[in-house]
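See structure below.
What follows draws every value from the coordinates through simple rules; no lab data is involved. Because the structure is a prediction, the values reported are computed rather than measured. Backbone-built Cβ (ideal geometry, glycine too); neighbour counts: all protein chains shown.
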Amino acid sequence: MALMVTRVKVANFDEWKAMFDTDPVRAREQATGYRILRGVEDPNEVYVQVEFPSDDAAREARGRLLDSGVLDRQLEHHGPSLVEEADVVRL
């Protein structure tokens, strides 16, 4: 499993989320799941973690996302970075 992690600063979370849900660039076409987190102090700071079945699927999704320019329309962004789990603890 590969993960794509991106942090974005958006102008309006609700508008951003509506666009995210439509996946216009098909970045989640091969995804097996995703998680969206919002900043407690700034709810327009958004972290997105998308799970993929393989590194190749994650690379393809990242390429689509970067090529689309959609991240450049946000106030700021970091990533998308491709990562893998190193350790998980659930208590």
Q: Pull up the range 50-86, narrow it to residues that are closer than 20 Å to residue 33 by Cα and among the small types (Gly, Ala, Ser), then point me to the one that is surrounded by the fewest Cβ atoms within 10 Å (Cβ to Cβ).
A: 86
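Does the range 47-68 include one or more residues that are in a strand (DSSP E or B) and touching a Phe, Trp or Tyr at 6+ places or on another chain (Cβ under 6 Å)?
Yes - at least one qualifying residue is present in the range 47-68.
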(Q) Residue pairs, Cβ under 6 Å, 6 or more apart or interchain, first in the range 17-39 and of a type in the set (Asp, Glu), second surrounded by 12 or more Cβ atoms within 10 Å (Cβ to Cβ). List them. (A) none
Q: Take the residues in the range 1-46 that are out of contact with any helix residue (DSSP H, G or I) (no Cβ under 9 Å at 6 or more places or on another chain), farther than 14 Å from residue 76 by Cβ and of a type in the set (Asp, Glu), then tell me which one is surrounded by the fewest Cβ atoms within 10 Å (Cβ to Cβ).
A: 41
